[in-house]
Amino acid sequence: MLRFGLKRLALAIVVGVAVSAIAFMLLRVSGDLAAALAGEDASAADVERIRREFGLDRPLVVQYLEWLFKALQADLGRSLFYPESVSVLILTRLPNTLTLAGLGLVIALGISIPLGVLAALKRNTWVDRSALGLAVLGQAMPNFWFGLLMIFLFGLTLGWLPVSGSDTLRHFVLPAVTLGWFAAPVLMRLTRGGMVEVLQSDYIRTAHAKGLPVRVVLFKHALRNAIVPVVALSSVQFGNMLSGSVVIETVFALQGIGYLAWEAISRRDFPVVQGILLMVALFYVVLTLLADLANAWLDPRIRRG
Amino acid sequence: MAATAAGPKVGKRRGRVLGNPGLIVSAVVLGAIVIMAVFAPLFAPYDPYAQILDDRLIPPAFIDAELADPRYLLGTDNLGRDYLSRLIYGARISLLIGFLTMLVSGVIGTAMGVAAGYFGGRVDTVVSFLVTTRLSLPVVMVALAVVAIAGGSLQVVVLVLGLLLWDRFAVVMRSATMQLRSLDYVAAARAIGASTPRVLLSEILPNLVSPLVVVASYEMAQAILLEAALSFLGLGVQPPLPSWGLMVAEAKEFMLFEPWMILLPGLAICILVLAINLLGDGIRDATAPEGR
């Protein structure tokens with residue numbers, strides 16, 4: 001286990017470094033950052049001035065290493081538009097995004113686990129097929145469109161919930177439902193698949209044969225085993241939600257890092273953009289590391305593989 | 001012998017195709033959308049860019065029969081452009097970006113996956129590392145950032161999405177190739193002295209077609225959804241092109257009184273993505289080994 005853990009940790013560190021290089025280089029190799037900052041009407045001299053002012057004329061490697069060295073000390077530079085530093089900006093917006101993703105995950109699990117168990121129990125009946133159909137339909141909808149439909153229905157028409165901002169917990173309901181809706185299908189399929197497999201296994205037959213109540217067999221014996229990969233995938237889905245937050249937070253004007261990313265990208269505020277890219281990517285690296293370690297700890301077969 | 005052995009198998013496959021209504025319906029729907037997109041000038045009643053400023057924000061008949069105008073079947077937008085014509089031309093953008101992105105990412109991912117699965121060892125380690133790194137990057141944020149600097153054109157969107165969406169191709173092709181590699185006929189081909197490129201091209205690749213089609217359909221659907229999201233956020237295809245995502249964005253400010261303007265392009269995306277996904281599922285079921 002220790003060997004597996006150390007190997008996995010080493011991979012995570014190498015991936016983390018690679019991701020930091022990509023987060024930094026991305027804006028610089030996509031085009032002329034100085035020209036994009038200067039705007040369309042800027043003269044060549046203006047562009048050159050901006051290039052020097054932001055240190056964009058120095059070799060890329062020098063710029064990257066300087067940024068990385070400071071980033072390791074939690075200094076991600078200064079925003080071009082906000083008075084706060086990038087680190088402070090991200091830290092003040094992060095709680096909103098974490099709340100949103102956390103609620104989204106709770107909603108996703110709340111939909112997918114009962115539905116997945118039900119579909120597995122009623123395998124190949126209309127219940128199973130409707131659950132799968134709902135999953136297929138859900139994944140075909142554009143997430144921003146689903147969000148707008150929620151705004152129209154529950155905000156504008158029924159007036160039940162606020163549709164924009166992040167002042168109270170009520171503001172998080174609609175965006176969290178939207179986020180959860182799109183994370184649910186894959187979790188549901190996994191729950192269903194796991195339950196179908198477990199229900200056919202010998203120890204479940206034994207448990208039934210012992211005369212245990214169906215409820216106990218289902219929830220204490222079957223679900224507990226089927227749920228392991230679902231829990232592991234949940235952490236990955238949580239990471240996906242952080243990156244998916246850019247669309248949902250923009251639709252609902254929720255002041256998290258996704259909305260911050262969209263604002264920064266629109267204004268070419270590159271220190272903020274690369275800071276957020278780095279942070280979200282590192283979050284994902286850590287979450288997948290934890291998921292892999294949890295999986296390996298629970299299932300010895302993975303360690304040897 | 002060979003003929004009798006092949007006979008029932010072919011029949012069974014045909015039975016699987018015909019006995020799968022999802023496959024047939026989705027193929028018909030997708031076919032209809034493709035034909036409509038290719039021959040858009042024949043199907044669209046108006047020029048999708050022509051602004052008739054006297055006829056702005058006319059709702060379709062099924063929304064408001066009194067305000068509707070029989071000349072505009074699905075109404076007009078805030079600039080007096082025929083909504084039906086824009087929706088038809090919008091299918092071109094979605095299909096083109098979806099298809100080209102799928103090609104770019106398919107070539108990258110398949111090359112990586114086959115190499116990793118066939119050669120194993122160090123190649124496999126490098127590919128696994130690249131896949132892990134790619135998965136750590138937030139797709140939408142990266143795509144938005146690149147488009148913001150490089151400019152929102154069709155080519156840029158295809159390129160950035162193509163360079164981001166290859167991971168599933170790589171993962172699936174890797175495991176499929178690993179399975180094929182250990183089979184007797186591949187070993188036989190190598191034993192009679194076939195070169196590595198020859199084994200890859202004539203023994204491995206043809207047998208990867210079925211999983212490839214399934215992943216390709218899924219990725220094409222993903223690319224269409226992502227293009228719509230990028231365009232919706234203003235950093236994808238630029239106006240006045242009738243991208244469905246862009247149409248939703250333009251309709252946002254009229255949401256309160258003209259919600260149908262948001263409903264229609266979203267439904268169009270939904271139907272197209274659903275058709276592609278169901279076609280992929282149907283092909284998977286029809287080609288899967290017995291007993292699955």
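The values are calculated or read from the model by the stated rules, or taken from the named source; none is laboratory data. The structure presented is a predicted model; accordingly, all values stated were derived computationally and were not measured. Quick reminder, even Gly has a Cβ in these numbers, built from the backbone with ideal geometry, and neighbours come from all protein chains shown. Surface accessibility is based on the protein's heavy atoms, side chains included, excluding ligands, DNA and RNA. Shrake-Rupley method; radii C 1.70, N 1.55, O 1.52, S 1.80 Å.
Worth pointing out:
- Qualifying positions in the stretch A:28-64 - in a helix (DSSP H, G or I), under 20 Å from A:G275 (Cα atoms) and open to solvent by 60 Å² or more (accessible area, probe 1.4 Å): A:V29, A:E53, A:L60, A:V61, A:V62
- Residue in the stretch B:158-171 that is touching a Pro at 6+ places or on another chain (Cβ under 8 Å), farther than 25 Å from A:A35 by Cβ and either surrounded by 23 or more Cβ atoms within 10 Å (Cβ to Cβ) or more than 8 Å from chain A (Cβ to nearest Cβ) (or both) present: no
- Residues that are under 16 Å from A:L103 (Cβ atoms) and acidic (D, E), drawn from the stretch A:128-175: A:D167
- Selection from the stretch A:205-233 of residues that are more than 27 Å from A:D292 (Cβ to Cβ), crowded, with 18+ Cβ neighbours inside 10 Å and free of Cβ contacts under 8 Å to residues at least 40 places away in the same chain: A:A207, A:V217
- Residues satisfying the stated conditions in the stretch B:53-67, i.e. in contact with a Phe, Trp or Tyr (Cβ under 8 Å, 6 or more places away or on another chain), of a type in the set (A, V, I, L, M) and either open to solvent by less than 80 Å² (accessible area, probe 1.4 Å) or more than 16 Å from B:I262 (Cα to Cα) (or both): B:L57, B:I58
Residue by residue, here is whether (1) away from every other protein chain (no Cβ under 11 Å); (2) crowded, with 22+ Cβ neighbours inside 10 Å; (3) within 17 Å of A:W145 (Cβ to Cβ) holds:
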site: B:L241; (1), (2), (3): yes, no, no
site: B:M247; (1), (2), (3): no, yes, yes
site: B:L263; (1), (2), (3): no, no, yes
site: B:I271; (1), (2), (3): no, no, yes
site: B:L279; (1), (2), (3): yes, yes, no
site: B:R284; (1), (2), (3): yes, no, no
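- Among residues that are outside any loop (DSSP other than H, G, I, E, B), open to solvent by 50 Å² or more (accessible area, probe 1.4 Å), under 30 Å from A:L179 (Cα atoms) and out of contact with any strand residue (DSSP E or B) (no Cβ under 6 Å at 6 or more places or on another chain), A:L9 is included.
- Every test in (1) touching a Ser or Thr at 6+ places or on another chain (Cβ under 7 Å); (2) more than 15 Å from B:R134 (Cα to Cα); (3) within 11 Å of chain B (Cβ to nearest Cβ) is passed by A:L278 save one, and that test is (2).
So that you can scan it fast, the table gives a plain yes or no per residue for (1) among the hydroxyl-bearing types (S, T, Y); (2) part of a helix (DSSP H, G or I); (3) within 14 Å of chain A (Cβ to nearest Cβ); (4) under 28 Å from B:R174 (Cα atoms):
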position: B:R71; (1), (2), (3), (4): no, no, no, no
position: B:R86; (1), (2), (3), (4): no, yes, no, no
position: B:L95; (1), (2), (3), (4): no, yes, no, yes
position: B:G109; (1), (2), (3), (4): no, yes, no, yes
position: B:G113; (1), (2), (3), (4): no, yes, no, yes
position: B:V127; (1), (2), (3), (4): no, yes, yes, yes
position: B:L135; (1), (2), (3), (4): no, yes, yes, yes
position: B:V146; (1), (2), (3), (4): no, yes, yes, no
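- Restricting the stretch A:8-37 to residues that are more than 10 Å from chain B (Cβ to nearest Cβ) and over 18 Å from A:F69 (Cα atoms), the residue that is modelled with the lowest pLDDT: A:A34
- Filter result (under 16 Å from A:V86 (Cβ atoms) and part of a loop (DSSP other than H, G, I, E, B)) within the stretch A:261-304: A:R267, A:R268, A:D269
- Criterion violated by A:F81 - all others in (1) closer than 23 Å to A:Y259 by Cβ; (2) in a helix (DSSP H, G or I); (3) over 25 Å from the mean Cα position of the chain (by Cα) satisfied: (2)
- For the stretch B:82-92, a residue qualifies if it is buried (at least 24 other Cβ atoms within 10 Å of the Cβ) and within 14 Å of B:E250 (Cβ to Cβ), and the qualifying residues are B:Y83, B:R86, B:G90.
Residues are listed down the side, and each one gets a yes or a no for (1) within 14 Å of chain B (Cβ to nearest Cβ); (2) assigned to a helix (DSSP H, G or I); (3) open to solvent by less than 60 Å² (accessible area, probe 1.4 Å); (4) out of contact with any Leu (no Cβ under 8 Å at 6 or more places or on another chain):
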site	(1), (2), (3), (4)
A:P114	no, yes, no, yes
A:V117	no, yes, yes, no
A:A120	no, yes, yes, no
A:V136	yes, yes, yes, no
A:V163	yes, no, yes, no
A:D167	no, no, no, yes
A:L179	yes, yes, yes, no
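- Checking each residue in the stretch A:243-286 for being at positive phi and open to solvent by less than 30 Å² (accessible area, probe 1.4 Å) picks out only A:A253.
- Evaluated against (1) under 26 Å from A:V15 (Cα atoms); (2) within 12 Å of chain B (Cβ to nearest Cβ); (3) touching a Ser or Thr at 6+ places or on another chain (Cβ under 6 Å), A:I248 falls short on exactly one condition, (1).
- In this structure, A:E249 does not qualify as part of a helix (DSSP H, G or I), over 27 Å from A:L187 (Cα atoms) and of a type outside the set (S, T, Y).
- Residue match in the stretch B:181-191 (condition: buried (at least 19 other Cβ atoms within 10 Å of the Cβ), in contact with a Ser or Thr (Cβ under 9 Å, 6 or more places away or on another chain) and without any contact (Cβ under 8 Å) to a residue 24 or more places away in the chain): no
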